[in-house]
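For reference, the structure is listed below as structure tokens.
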Amino acid sequence: MFAIMKRDFRSYFNSPIAYVLIGLFMLLMGLYFNSFIGYGSDITGELVSIMSGLLLFIVPILTMRSMAEDKKNGTEVLLLTAPVRVTEIVLGKFLAAFSVFLVMTGVTLIFPIIILVAGKPDIPLILSAYLGYILLGALYISLGIFASSLTENQIIASIISLVSIFLIQNVGYLATFFSGILNKAFLWLSISDRYDDFSRGIIDLTSVIFLICYASVFLILTVRVIERKRWSQG
């Protein structure tokens, strides 16, 4: 698992993708930070909310190659025939993309540091907002890896991921079109209210477990997809 993680993690930085994503992300966040800085020192919640919104575009690009590239290059067969469990393959892929995401997240800490030097930030709010952001990133990345396992075309994988993330972000809105059990089901699946708690400085253990389980579902689905291909190839 860790060998796969290391290989994929290095591949991100052996190509321009990681540098371009981090550079573009920081450029956009720098522009937002410059526009917010005049409103006072306690702006971390707003900044992290903007960061979470940008994940709609960042994660599909980050994860589109996770599984699809192996299929295109023919290295998927080597993975599937290697003496390693499918779960370890999927977790290795996930941890590699998640590690790049954490590097990107770590770079953004420059903004809270600036706020810390310039004013009196709400430290619990910063910790809560970043915790929610990291959990949300884990969920989106697991979904992106699942999308990448469905096709060998990276563009198609990124489109599937983008549309899926958009739908998850708006599950609460979709609930308004239904009533009764369906309405309650969609509202329960909504992540917006749970994530908003983190951005307000509220760490709810139920929300933490919910987001972790949500991400685990997509990883399990990815394992099932890969297992089917492994059995089909003998």
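Taken together, the values in this text are just the output of simple stated rules run on the coordinates, not laboratory data. The model shown is predicted, which means the values in this text are computed figures rather than measured ones. Glycine also receives a Cβ, built like all others from the backbone with ideal geometry; neighbour counts cover every protein chain displayed.
Counting only the backbone N, which residues of the range 44-63 are under 19 Å from the spot 7 Å out from the Cα of Ala118 toward its beta-carbon?
So the set is 44-51.
Looking at Leu187, Ile4, Leu205, which one has the Cα that reaches farthest to the positive end of the dipole of the chain (charges on Cβ: Lys, Arg +1; Asp, Glu -1)?
About the Cα centre, the residue reaching furthest to the positive side is Ile4.
State to the nearest 20 debye the size of the charge dipole of the range 2-232 about its Cα centre, where the only charges are +1 on K and R beta carbons and -1 on D and E beta carbons.
So the magnitude is around 700 debye.
For the chain, build the charge dipole from Cβ charges (+1 Lys, Arg; -1 Asp, Glu) around the Cα centre, then report which of Leu125, Leu28, Ala18 sits farthest towards its positive end.
Ala18
Each label point is 7 Å from the Cα along the Cα-to-Cβ direction; what then is the distance between the points at Ile202 and Ile50, in nm?
In this crude label model, Ile202 to Ile50 measures out at 2.5 nm.
Tell me the mean residue ellipticity at 222 nm calculated for the chain from its helices only (DSSP H runs of n ≥ 4, each -39500 (n - 2.57), averaged over every residue, nearest 500).
-26500 deg cm²/dmol
In nm, what is the difference between 0.36 nm times the number of residues separating Ser179 and Asp193 and their Cα-Cα distance?
Computed gain between Ser179 and Asp193 is 3.2 nm.
Highest GNM mean-square fluctuation, the chain, Cα pairs closer than 10 Å: which of Tyr12, Tyr195, Tyr140?
Tyr12
Give me the percent relative contact order of the chain, please, defined on Cα pairs under 8 angstrom at least 6 residues apart.
Reported as a whole number, the value is 28 percent.
Using the Kyte-Doolittle scale, find the helices of the chain whose mean hydropathy is at least 0.0 and whose Cα atoms extend 20 Å or more along the helix's long axis, counting only whole DSSP H runs.
16-36, 44-63, 86-107, 123-149, 154-169, 205-232
Once you put a point 7 Å from the Cα of Val103 and another 7 Å from the Cα of Ile156, both along the Cβ direction, what distance in nm separates them?
The two pseudo-label positions are separated by 2.9 nm.
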